[in-house]
Amino acid sequence: MDNQPIDMRKEAAVKGFFVALVIALLFVLALLLGSRNEQLVTINYFVAQGEFRLPVVLASVFFAGFLLCWCFAVYHIGKLKYALSRANRKLQKLEPQTATNPASLVSSGEVKS
């Protein structure tokens, strides 16, 4: 029974690896197919202007969006893991108290039979 969480973590890690691999392969495929397009696009910055090939612009924007979404996901997952570990610590503190004094679980308003 103790091996179940470890197996689930390994399974999730393998699944995450394959998802990342598929995304990377799609990214490379998009670069290969887009590399034949030699069209130049003009990008206006606040103070400057530049001309870049369309596949480079698309790849850069896709990669920047992927990194931004990944950062948000890591932040939220980390926040959830922190909340879970805090709740587990509180639970571990309460378990010895309830094991030694089960009467503490009964509130003062209840009738004991």
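The values are calculated or read from the model by the stated rules, or taken from the named source; none is laboratory data. Since the structure is predicted, the reported quantities are computational estimates derived from the model, not experimental observations. Please note: Cβ atoms are built from the backbone with ideal geometry, for glycine as well, and neighbour counts cover all protein chains shown.
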Candidates 40, 32 - the one that is modelled with pLDDT under 85 and over 30 Å from residue 9 (Cα atoms): 32
Failed criterion for residue 85 (all others in (1) touching a strand residue (DSSP E or B) at 6+ places or on another chain (Cβ under 9 Å); (2) hydroxyl-bearing (Ser, Thr, Tyr); (3) closer than 24 Å to residue 16 by Cβ hold): (1)
